[in-house]
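The block underneath contains the structure these notes are about, expressed in structure tokens.
The values are calculated or read from the model by the stated rules, or taken from the named source; none is laboratory data. Computed from a predicted structure; not experimentally measured. Counting neighbours? That spans all protein chains shown, and the Cβs are built from the backbone with ideal geometry, glycine included.
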Amino acid sequence: MSQFLQVMLSGLATGSIYALVAIGFTLVWQAAQTVNFAQGEFVMLPAFFVLAAMKLLGMPFWSALLLGLAISLLVLGLLFKKLIVEPILPHGGITLIIATMALGILLKESVKEFYSAEAQPFPSLFPARHLDFHGAVLSLQDIFNLVLCLAIVVSLTLFLNRTRTGRCMQATAQNPAVAEILGVNVKRMILYTFLINAGLAAIASFLITPVYLAKFSNGESLGLIAFIAAIVGGFNQIRGALVGGLLIGVLDNLTATYVTAEYRAALPLVLLIAVILVRPQGLLGTKEGRAV
């Protein structure tokens with residue numbers, strides 16, 4: 001029983017980080033009706049912003065963390081929208097999807113070329129201590145990661161549902177033409193969405209990199225798992241992305257512990273196929289109509 005509690009907590013903690021990245025997929029889809037296939041690299045990059053600030057500028061960790069967050073909002077939020085999404089989106093969603101794939105490759109190879117191809121240690125935000133709970137050794141880092149991620153998701157949900165700006169963002173996502181007629185500043189709402197996505201990616205980076213180390217290739221696996229989590233939960237629902245991320249995190253840990261670790265990488269794909277066959281819109285997703 002004690003081992004089961006440890007496995008469940010670790011899976012929920014990792015899954016909650018997947019959920020943050022998956023929510024980013026959902027937000028970009030709602031804002032631009034496209035999939036950002038550079039999302040994994042968006043999670044990989046902020047950790048290197050922090051390491052560069054510490055190494056090159058000699059900044060202490062927490063100051064470098066704030067600077068890394070600010071640069072992430074600028075580069076992965078504002079500049080991504082202004083320089084890539086806005087010019088390419090009028091040419092069609094497929095063109096933008098291809099552009100995000102190219103962007104992901106560019107970011108990955110740039111980090112490899114200009115920083116390091118070797119894995120780099122990254123300081124943890126929380127103390128690396130453990131709690132003994134009825135025989136189960138629970139990691140404080142896992143507990144804090146889970147609590148922080150859930151708090152962020154709850155705060156984001158309340159912001160979208162309870163504030164004027166949040167409701168304007170939802171109106172823009174549902175029908176930008178009608179929202180603009182009603183006086184909503186559609187461009188500003190879309191910008192807010194991209195900034196939130198950049199912030200979520202940066203926070204996910206700061207939480208997961210201490211475990212996986214800072215590597216230029218981190219984005220490949222993180223992006224794929226988060227993408228699958230978003231589809232499994234429901235690509236048009238934030239709560240669906242949360243459920244999908246938690247589910248994959250828990251099932252991955254349970255499979256590796258009680259079955260085999262050899263095929264754990266295939267588990268998200270198996271889950272994806274099963275959900276698509278049974279419920280194509282995802283576990284909590286809703287069907288969408290498209291004009292053709």
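For segment 213-235, which positions are assigned to a loop (DSSP other than H, G, I, E, B) and either within 24 Å of Leu51 (Cα to Cα) or among the β-branched types (Val, Ile, Thr) (or both)?
Looking only at segment 213-235, we keep the residues that are assigned to a loop (DSSP other than H, G, I, E, B), and these are 213, 215-217, 234-235.
Once the filter is applied, which keeps residues that are assigned to a loop (DSSP other than H, G, I, E, B) and either within 24 Å of Leu51 (Cα to Cα) or among the β-branched types (Val, Ile, Thr) (or both), segment 213-235 yields Leu213, Lys215, Phe216, Ser217.
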Counted residues, segment 79-112 - those being touching a residue at least 40 places away in the same chain (Cβ under 8 Å), closer than 23 Å to Glu220 by Cα and not polar (S, T, N, Q): 14
Which numbered condition Glu262 fails, given (1) assigned to a helix (DSSP H, G or I); (2) over 19 Å from the mean Cα position of the chain (by Cα): (1)
Filter result for the condition that a residue is free of Cβ contacts under 8 Å to residues at least 24 places away in the same chain, of a type in the set (Gly, Ala, Ser) and within 22 Å of Lys82 (Cα to Cα), over Gly166, Gly199: Gly166
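Are any of the residues in segment 171-192 aromatic (Phe, Trp, Tyr), at negative phi, at pLDDT 90 or above and buried (at least 22 other Cβ atoms within 10 Å of the Cβ)? Steps first, answer last, please.
Applying the first criterion (aromatic (Phe, Trp, Tyr)) to segment 171-192 yields 192.
Subsequent filtering for residues that are at negative phi retains 192.
From what's left, at pLDDT 90 or above: 192.
Cutting the leftovers down to buried (at least 22 other Cβ atoms within 10 Å of the Cβ) gives us none.
There is no residue in segment 171-192 that is aromatic (Phe, Trp, Tyr), at negative phi, at pLDDT 90 or above and buried (at least 22 other Cβ atoms within 10 Å of the Cβ).
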Criterion violated by Asn36 - all others in (1) at pLDDT 90 or above; (2) polar (S, T, N, Q); (3) part of a helix (DSSP H, G or I); (4) farther than 16 Å from Asp252 by Cβ satisfied: (3)
Any hit, segment 160-168, residues being surrounded by fewer than 14 Cβ atoms within 10 Å (Cβ to Cβ), basic (Lys, Arg) and either more than 16 Å from the chain's Cα centre (by Cα) or closer than 16 Å to Ala22 by Cβ (or both): yes
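Kindly evaluate Leu89 against the criterion of being of a type in the set (A, V, I, L, M, F, W, C), over 23 Å from Leu20 (Cα atoms) and in contact with a Leu (Cβ under 9 Å, 6 or more places away or on another chain). Write out each step before concluding.
Numbers: of a type in the set (A, V, I, L, M, F, W, C): yes; over 23 Å from Leu20 (Cα atoms): yes; in contact with a Leu (Cβ under 9 Å, 6 or more places away or on another chain): yes.
So Leu89 fits the description; yes.
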Test for Glu41: is it modelled with pLDDT of 90 or more and touching a Lys or Arg at 6+ places or on another chain (Cβ under 8 Å): yes
Residue that is nearest to Ala13 (Cα to Cα) [pool: residues in segment 125-145 that are among the charged types (D, E, K, R) and surrounded by fewer than 17 Cβ atoms within 10 Å (Cβ to Cβ)]: Arg129
